[in-house]
Every structure is written in C-alpha cells, then in structure tokens.
1. I'd like the residue in the range 198-229 that is more than 12 Å from the ligand (Cβ to nearest atom) and charged (D, E, K, R) and, out of all such residues, is nearest to Leu145 (Cα to Cα).
2. Give the range 161-197 a look and list any residue that's open to solvent by 50 Å² or more (accessible area, probe 1.4 Å), within 27 Å of Asn96 (Cβ to Cβ) and out of contact with any Gly (no Cβ under 9 Å at 6 or more places or on another chain), or say none.
3. Within the range 72-122, restricting attention to residues that are in a helix (DSSP H, G or I) and among the basic types (Lys, Arg), which residue is nearest to Gln155 (Cα to Cα)?
4. From (1) more than 28 Å from Gly457 (Cβ to Cβ); (2) touching a strand residue (DSSP E or B) at 6+ places or on another chain (Cβ under 6 Å); (3) surrounded by 17 or more Cβ atoms within 10 Å (Cβ to Cβ), pick out the condition that doesn't hold for Phe653.
5. Give the residues of the range 153-163 that are part of a helix (DSSP H, G or I) and within 14 Å of Asp115 (Cβ to Cβ), sorted by residue number.
6. Determine the pairs where a residue that is in the same structural domain as Tyr296 (by TED's automatic domain parsing) and assigned to a strand (DSSP E or B), located within the range 185-196, has a partner that is near the ligand (Cβ under 8 Å from one of its atoms) and not polar (S, T, N, Q) with Cβ atoms under 6 Å apart, the partner being 6 or more residues away or on another chain.
7. Please work out which residue is farthest from Phe250 (Cα to Cα), limiting yourself to the range 198-224 and to residues that are in contact with a His (Cβ under 9 Å, 6 or more places away or on another chain) and crowded, with 21+ Cβ neighbours inside 10 Å.
8. Which residue is nearest to Ile217 (Cα to Cα), if the candidates are limited to the range 181-197 and must be more than 16 Å from the ligand (Cβ to nearest atom) and among the β-branched types (Val, Ile, Thr)?
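The values are calculated or read from the model by the stated rules, or taken from the named source; none is laboratory data. Please read these numbers as outputs of a predicted model, since none were measured by experiment. Every residue, glycine among them, receives a Cβ derived from its backbone with ideal geometry; neighbour counts consider all protein chains shown. Surface accessibility is based on the protein's heavy atoms, side chains included, excluding ligands, DNA and RNA. Shrake-Rupley method; radii C 1.70, N 1.55, O 1.52, S 1.80 Å.
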Amino acid sequence: MSSAIGDHFISLANPEPWVSQTTVLVTGLLLMLTTCLVWFNETVRSLTLFCWACFFKPFAKTDHGNSHQSALESFYRSQASIYDSSRGVLLKGRENALKLAASHLKKSNKLVWIDVGGGTGYNVEIMNSLLPITSKFEKVIVVDLSISLCEVAKQRFEKLGFNNVEVLVADACDFLIPEKYVGNVDLITFSYSLSMIPPFHAAVDHILPMLNKEIGIICSVDFGVQTSATSIGRTNTLGGTVNRHVPWIFRTFWRAWFELDRVFLDPARRDYLEYKFGTIKSLNCSNRVLGNIPYYIWIGCDKDRSSLLLHRLNAMATESPYLAPASSVPVKSKGYERALENNKKHLPYPSVYYQREVWRVYYEESNPQYAQFNDQYIYAFTWEDPREDIKILNLKPSDVVLAITSAGDNLLSYASIEKPPRRIHGVDLNPAQNHLCELKLASLRCLKYEEVWKLFGLGKVENFEELLFSKLAPQLSSNSFQYWAKHGPQIFDIKGKGLYDTGFTRWALRLAKYVFKIAGVSDTIEELLTCKSMEEQKFLWESKIKPAIFNPIVSKMLVGNPIFLWKALGVPPNQAKMMNSSILTYVVDTLDPIVGRSLISKDNYFYYLTLRGRYSSSNCPDYLTKETFKKMHQKESPLDNIRLHTDTLNDVFERLSSGSLTVAVIMDHMDWFDPKKNDAQSEVEHLKKCLCNGGRVLLRSISKEPWYIRVFEENGFHCQAAAVRVKRMTIDRTNMYASAWVCTKIPARRVSDLTI
Ligand SMILES: C[S@@+](CC[C@H](N)C(=O)[O-])C[C@H]1O[C@@H](n2cnc3c(N)ncnc32)[C@H](O)[C@@H]1O
C-alpha cells in the first residue's frame, strides 16, 4: 500500500513525458480559448456598440437638445471606452497623414502642435512613434468638445508620461491657447474632425492666426466628396486631381448616409481649406474595406508664405525675362502669370509654389494634350548613351543644357560630370516621364544609397509607401506625389516584376525574353551576362545566340516585325520609313557589332538591363553609382540646377529667354516628323531663337542622312555628323541610331559687316 502511494508520489513528481506534454497542451488550449472568448467578447461588444451608435441610434428618438456639445456627448458617451478599437477600420489614412505631416515639419526639438477635435488622443500616440512627443515637441494641445473622449485622452497621456500634452475641453471655433504660441504653431491637425464641425468656416478662421506663417503646416485627413465642377478656375491650386472627382451617385449616397450621424461630407469643407491655405500635398483615397468611402489627406500652409522668394524661384526656373529689370520685356513664365491671376482673385498660388524643391516648373495639368499618355510613362530607362553626348559636347560649367527628359537618366549623367552645366532643363510632354525623373531626383536628395539602389537598380523595394510618405514626399511636387501614391506600391512591389517591367519599354524586356525562349537560348543569355572576356562573349554570340534568333521563323515573327519595332523599341512609322535598309538588316547591324565593342556584363548597362531586367552595381547608369550618389546627396548638389518642363519643346523654347541656351539634346525626336509638314521648320526656328550664337544642337537619327539636316542648314546652322554607323562598327553602347549630328548656330552677320 505504502509502496503504491509512494509510486504515485514518484510518478507525480517525475511525470511521464506524455503527461507533461498533455498538461502543457491542455493549459495552452484553455488559455487560447479564454483569450479568444475575451477578445471575442470585447470585439463583439465594441462592434455592437459601434453599430448601435452609428447605424441605429440616429433613427431612435433621442433628445440631445440644441447644443453641439450635448449632441456629441450623446453620440460618444457610450462609445468612449471602445472608440479606438472600433475606429481603426473606419478612419483610414490617419497614420499616413501623420507621416506626411511629420516629414514636412521643420527639424526642431521645440515643435508646437494643436490637434483640433483630437478625441481620445490616438493621433498623439501614433505621432510619438514618428517624432517622440516628449523630446521633439515643446507643447501639444488636444482640443475636443466631447468630455468623455477628452477623459480617455487624459488617461492615455498620463499612462504614457506625456506631461507636455494638454487636453482642452473646448470648441474648435473659440478655444484659447497661451499667447506665446499664437503665430508660432508648427502643426495644426484636423483628423476626421472638420467633417463633424457644423460651423467649419469659423473653426478654420479661428486657427489661422495661430499658425506660424513661414514654416507652419496644417493637415487634414477626413471623409469628403469632391466634384470636378467645383474645381473649375482653381485647378492649379489643388495639387493634382487624381481620383478627386466622386461620381454623383456615390457623392449623394455617402453624404446622406453620414449625415445621419451628423458627419458632413460636403465638398465645401475641403474647398475652404484649399482657399484659405496654399496646398503642399493632396491625396484622394477611398476606404477599400468599407465600401470605398471617399477620404482625403491634405497638407497646406499660409498662402502668402515667402511669396516674393517663390516668384523669383519660378522666374529663374524658366529663365524668364521676368528677372530682367527692364519692364519693356514681356513676362513669359506661365507659372508667374497664373500666380498673378490667382493673387488678383485672392486664391492661393498654384500648388507648385509651395513645394520645397523647385525642380518641377509649373504646367497646366488640365491641358488635353496629356490625355494621350494615359497616365503612363513610355520609357522606364533612357536608351541614349550619355557617355557619347558628354564626349561630343564637352560640356562646361557655363553651359545651359536642354534635353528631352525621357526617364531622366541622361539629365542626371550631365549633372554628374566633374564640372556640371549651370542649368539643365529636362523637357517632356508626358507628365509621367517627369514624375519618374522627379522621383529619381527626390530619391537622390533624401534616401540612403541602398534605398536608391533598390528603387532604380533593382526596380523593387520592400516599403515603397513608407518611403514615399515619410521621406520622399517633401521633395516631390504634389502632382508627382499623387502619381507615385497611386502607382508606386504596385510598380516597386518586392513580389512584383519591378520598375523595368513598366512603361512601353517593358515590351523590349519581355520580347527579348520571349525571343530567347522561343529560340531556346535563355541559358546562353545567362552565360553572356557573366562573360569575363570578349572572346567568350563573341563566341557565345556567333556560335549560339545569333544563329538562333536570326533563324527565319523568329526573324519573320518578331525581330523584323513593325509591331515589334513600335512596341519594343518605340520606333514609329515615320521613323521606320527613314531606315535605309530592311528592319531585319537594321537590327542585325545594330546588335552584331555591340558584342565586339565591350563586355555586356561589365560595360553596357543598356543591354544588360534588357536581358536581365535590372542593373548590376558595376554596370548601371551614372546616377546609380556610389560616387555620383555622394555628389548628388551633398549640400549645393548639382541636382539644384535641374528644371523639369512638362510641355512641348516649342512651348519651352518660346518661354526661354532669347540666346539663353548653349546646348540642346533633342535625341531622335525629329525622325518622328512628317517631312511634308512644317514641324521641322517650326522647331528649328524656335531653337534658333533661344540658342546663343555658337549654340549647339545634338541629335540622333535612324537615318545616316536625316532629311531635316537641310532645314537646319537653310536656317543658318552649320551641321556636322558627329558619328555615322558603318557595317560592323558601333557609334555608342546602344548602337541604335545610324547617325549623330551636331548643328551649330552661326552668328548672324552684323549690319556693319553687311554694309561692307
Ligand atoms: C471622428 S472624431 C475624430 C477623433 C480623432 N481626431 C481621431 O482621429 O481619432 C471627431 C472628433 O471631433 C470632435 N468635435 C466635433 N465638433 C467639435 C468642435 N466643434 N470642437 C471641438 N471638437 C469637436 C468630436 O468630439 C470628436 O472627438
């Protein structure tokens, strides 16, 4: 007996392994079950309360008198404890709005912030993870009219030890702050509160004098339905209209629905903000989880901030004669003219005026010419070899260069030479090309090298949205920011195909892949990309790749096909007509000598990218090298000299001061002109006007003797071929063009010369 008891004791003290495992398992399960039940209870309670308060209570008869405060209390009293857990899904965009606001704030340890209608203080806790509240802020004031929500906020701040945060139970329209902060507030936020304040004009007017005029910013994230009709006459103040217009049916539905809860989605609230302040950034979004409820994120500033400086910058940006003292010279800056017009009407300046960087020159986004591009860039990378440009042009610091933006790679190459030109104008009619270039400039300005490399070297990054809101946004124009907020997460998605599988140029990469697959040489291409000697490279090309891709079937179906030319290489029909040979012969003449020029694995990033879909660190455009990054990233960077124009070349030539350009690089774009029309003549005349005497035009053509050279000569240019492609020779690393030309403006004879 005793031994049995003893055994029992022994077995309990040293249980069998299965017993202890079962105990752990059962305890674990019980714990999980309890947690689930508590969570379930909590969630169900929050959800029921939330649904009751938001969807059913409005229909129940309640008496909350006439005061706004008692109405708010009646709505929030029962929900205060579950407010935060129930609002995550409804009040979307608050985190991004705070990131955006934080990234636009000046760097300081004495920031002052007022959160108007701050509720439970949730935003302050979020901000703490971006900018620590106790070390970066001198004072934070949370103003709210609901006593119950303010109580939750107070408890939160006490728990978090934020003793520089004050909670004011007060009305947004008449609350008071210490005198010393009036005119010195760095940040004012309305987070889903403006839509709940019936006299919103009064609330906005009330905070206006509190904001620091020079550096203060105001941020609103809220529900709202805008229409394109209410934007007429002030589009340039809005910072972009992507997804702004909400169709009538949804506008009506959401307004009516939210009005039941005394939340007002009328366009007037945001319109008023956009009237009272200058728009720095603006974003139109929809809550995908809850039936696409429209909401927006908006950042603004005092509308007269630094206006004089802004005029000057814009004038300089376009080289407009505005800077010239003589008033007889007409002002030709579109941005300046629009700013004056807005000023007369008491509207804010165009949004581009409130941006930190001056790269992007004002353009009219409602111009119908932009519609043809369908919100897409054509070139994700630039296909012209800048090394040759730099050699041919021998650029100097006194040069003012104008070039077609394309993907911006060559503008950045010109800016990266030892003594860069004093001004580089990029021109592209396609807004998306300039958005892409802006993203590159912004990245070089503010990201780490590794991040720049991931974005543009590999074309993919883990956290694009985070980079955009927290770092890149202050360096981008609002239009570009909207573009990248819409497209960037998908384009740069780490699980996606990356940047180089976008734009028209993606067809070059995709078709190259298909051609090699069909021809069965995909593995050989891999070998080609790791070749260490020219002999090895030539051998692979001659013995394996060339015979396979130039076999009759592949040639007929792909390489020699006009659709391939247009889609993959961007060669339009007018240009194709200028080839002096068949398409196939042209392609052979292009590719054949490339293999003998340099190692594709080491010194031909154009073909390396086409074949591999990304760059390598030793084989990439200049702007992606570490040395160039250092140069661009420093203060007084060559990036400061770049300006981006979103117009036709002739539009820009017209606005540039006469004789202000020393070099124009117009790529192959004159090949696109119809020889029977007047386009070439008109462009040459425009060029002539804004080039200085001795100014040069560098152009490339698919023809060895382009027809429009004659037009240059007839207009007083001296034209010389800088390179002409001959069989088995390359003219540059892409070898895509048959010739490159330099046309130099001959000084007009002086009158005295003529009389002699
Ligand atoms: C939807 S809640 C947003 C709360 C908080 N900002 C957030 O993002 O979680 C709207 C808040 O605005 C407050 N509010 C409405 N009218 C107000 C007024 N006239 N003055 C101050 N606060 C007001 C409400 O009490 C409520 O806390």
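1. Here the answer is Asp205.
2. Glu166
3. My answer is Arg77.
4. Among (1) more than 28 Å from Gly457 (Cβ to Cβ); (2) touching a strand residue (DSSP E or B) at 6+ places or on another chain (Cβ under 6 Å); (3) surrounded by 17 or more Cβ atoms within 10 Å (Cβ to Cβ), the lone unmet condition for Phe653 is (2).
5. Ala153, Lys154, Arg156, Phe157
6. Thr189/Asp115; Phe190/Val116; Ser191/Arg94; Ser191/Val221
7. Ile217
8. Looking at the filtered set, the residue picked out is Val185.
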